């Protein structure tokens, strides 16, 4: 899920000067300082160096939270009226001071989320003021006082945590992000927080929790759940897909499951998991949301063909949990045979994935493509390769969720790695031409057949392929 809301502007009239030649343009630099100790008075000081944007902007839902704005253009500070937010002449080098009270912001499950009495989860665009239009350059954020680094064996109290990239591995106080990554950015949390480092399958996961409300899971049970889900996903990638990620466990009062998950990764790998306070340790392996989101971390961010990465996670989530022994092959294949029909448009309607929208097309239409790619590669190579092979090759070439690729790049790696045209041909058939898939016939070849109101597994042309897909990889 990608959302960019860059409305609500702070207007700054451009000074009259001739534009610099494009070749002479220097990347802009935005130096920010943040004091996160009081969520009712988050203090920012930002120096904007370079770029010729005539406006500054912040997420529209955050506008009610702005309690003060001041601009300095070489002389003294000029206080602005947050309701009007207009000023003059701040073009290539100015400083802006602003204060936010997150309790006054408009909240939503994809924007700012209020947690307990004094804590908030917030995507980057909701709290970081920025030029509009955004010039080429970078954000350099310094957090003062320096937040403590998480320990590996216990939770530590903290008032700020983020998935944003660190300037250096051991320094949580200096963070960097390209302006080109701003629209997706990363998650951050403010207020009464706790964090802990969890190591899983070669990756470092900073686990961020909120002081209130409390979960039914103990701290150790929570850490074990995250670690085991990381190991589950590592079956696909042979390691945790990124070197470092931050996972925010946002408690949802009264729920007994993970009710929502979302990845923001271009500014640094992060996952928000809205987790029921009544989720029990016995049901952590029944949760699908966190595994789904972790799968996303190992695949490039695809701009237009969203069906490809959502279809990937929709297909592999139950497959990987089956490989771990957390669910049966019968349940997984019956679920596919029942649910993938949602991905096929009605007769006479548009079938091409590139031209369709909606949840069914994006998730289940994409899952049909991904399943057929996996089966097709296994059949074409006599079982020597699979879609697992392709995804590992993509990841080995740097294609994780912190970078943007096109689907053409992924398919090029797939065809070269497998020596086949399975994925490129499937894209032409399903995404471009919109061939209608006979799913009942396809599943029959896999040995998944309807038996009254249920499905059963039996022999079929590709039954051995079906069994191989859900079998635990030998290297694990």
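Tell me the residue from 472, 450 that is in a strand (DSSP E or B) and at pLDDT below 95, please. First the steps, then the outcome.
Working: 472 fails: in a strand (DSSP E or B).
Going through 472, 450 in turn, just one is in a strand (DSSP E or B) and at pLDDT below 95: 450.
Of everything in the range 260-294 that is over 16 Å from the mean Cα position of the chain (by Cα) and assigned to a strand (DSSP E or B), the residue that is surrounded by the fewest Cβ atoms within 10 Å (Cβ to Cβ) is 276.
Determine, yes or no, whether residue 198 is in the same structural domain as residue 118 (by TED's automatic domain parsing) and either within 29 Å of residue 360 (Cα to Cα) or under 17 Å from the mean Cα position of the chain (by Cα) (or both). No. Note on the range 274-312: residues that are out of contact with any strand residue (DSSP E or B) (no Cβ under 8 Å at 6 or more places or on another chain) and closer than 21 Å to residue 353 by Cβ total 9. Within this structure, residue 211 fails the test of being touching a strand residue (DSSP E or B) at 6+ places or on another chain (Cβ under 9 Å), closer than 20 Å to residue 164 by Cβ and outside the structural domain of residue 407 (by TED's automatic domain parsing). For residue 440, the conditions (1) exposed (fewer than 14 other Cβ atoms within 10 Å of the Cβ); (2) touching a strand residue (DSSP E or B) at 6+ places or on another chain (Cβ under 8 Å); (3) closer than 19 Å to residue 384 by Cβ are fulfilled apart from (3). Within the range 148-168, the residues that satisfy the criterion of being in contact (Cβ under 8 Å) with a residue 60 or more places away in the chain and assigned to a loop (DSSP other than H, G, I, E, B) are 154, 155, 163, 164. Criterion applied to 207, 193 was being part of a strand (DSSP E or B), touching a helix residue (DSSP H, G or I) at 6+ places or on another chain (Cβ under 6 Å), closer than 16 Å to residue 273 by Cα and at pLDDT 95 or above, and the one residue passing it is 207.
In the range 312-417, counting only helices (runs of 4 or more DSSP H) that sit wholly within it, the ones holding 1 or more residues that are free of Cβ contacts under 8 Å to residues at least 24 places away in the same chain and under 27 Å from residue 181 (Cβ atoms) span 387-396. Of the residues 299, 248, the single one that is outside any helix (DSSP H, G or I), crowded, with 17+ Cβ neighbours inside 10 Å and in contact with a helix residue (DSSP H, G or I) (Cβ under 7 Å, 6 or more places away or on another chain) is 299.
The values are calculated or read from the model by the stated rules, or taken from the named source; none is laboratory data. A quick note: this is a predicted structure, and the numbers were derived from the prediction, not measured. Every residue, glycine as well, gets a Cβ built from its backbone with ideal geometry; the counts of neighbours run over all protein chains shown.
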